[in-house]
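Peer 1: Attaching a single structure in C-alpha cells format; questions to follow.
The values are calculated or read from the model by the stated rules, or taken from the named source; none is laboratory data. Treat the numbers as computed from the prediction; the structure is a model and nothing was measured. Cβ atoms come from the backbone with ideal geometry, glycine included; neighbour counts cover every protein chain shown. With ligands, DNA and RNA removed, areas are computed over all heavy atoms of the protein, side chains included. Shrake-Rupley method; radii C 1.70, N 1.55, O 1.52, S 1.80 Å.
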Amino acid sequence: QVQVVESGGDLVQAGGSLRLSCTASASGSILSINNMGWYRQAPGKQRELVARIISGGSTYYADSVKGRFTISRDNAKNTLYLQMNSLKPEDTAIYYCNVDGLTMRRAFNSWGQGTQVTVSS
C-alpha cells in the first residue's frame, strides 16, 4: 500500500504565495513513479486537475493557473511540489495529490488526504 501525504496548505492573502508538498511512501519499495499531479476541489464544485508532471519532466497546467503555479518533483525523495504565486480567492480549495507508479507487488494509483488552501480577498 502506498501512502501519499500532502502539506503546506494555509490561509493567505490575495497576491501571496504558498508551496505545497506531497510525498509518497510504501512499506515495501516504490520501484517507479510515473505521473504526479495536483488536483483541487472547491466547495460545491467538482475536483479539477491543476497541474501534472510525468516521469520525463513534461508538465501540464490548467489555464486558470498558468503563469502563476509551478509544479516540480524530486524523484529521489518521491516528492511533488506546487509553488503557487499571485494567489487569488478563487484558488481557495482543498488540494489533493495523486501519484501512480509501480511497487514490488503491483501498480498503484494513490490519493492523499488533501490540504486546505484559503485565499482571503
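Peer 1: In Å², and per residue, what accessible area does the chain have when probed at 1.4 Å with the other protein chains present? Spell out each step's value before the answer.
Peer 2: Working: 6540 Å² over 121 residues.
Counting only protein heavy atoms, the per-residue value for the chain is 54 Å².
Peer 1: Across the chain, where is the longest run that never hits trypsin sites (Lys or Arg not before Pro) in a DSSP loop with at most 16 other C-beta atoms within 10 Å? Working shown, then result.
Peer 2: Values: sites that count: K45, R47, K66, R68, R105, R106.
With a cap of 16 other Cβ atoms within 10 Å, the longest stretch comes to 1-44.
Peer 1: Could you work out what % of the accessible surface of the chain is carbon and sulfur, using a 1.4 angstrom probe and leaving DNA, RNA and ligands out of the count? Write down the numbers at each step before the final one.
Peer 2: On the way: 2980 of 6540 Å².
Using a 1.4 Å probe with all protein chains present, the chain comes out at 46 percent carbon and sulfur.
Peer 1: Which order do you get for E48, E90, E6 if you rank them by accessible area with a 1.4 Å probe, largest at the top? Before the final figure, lay out the partial values.
Peer 2: Numbers: E48 80, E90 125, E6 10 Å².
The residues order as E90, E48, E6, largest area first.
Peer 1: On to the next question. Return the aspartates and glutamates within reach of K88: Cα separation strictly under 18 angstrom, same-chain partners fewer than 8 residues apart disregarded; answer none if there are no such residues.
Peer 2: Candidates past the 8-residue exclusion: D10, E48, D63.
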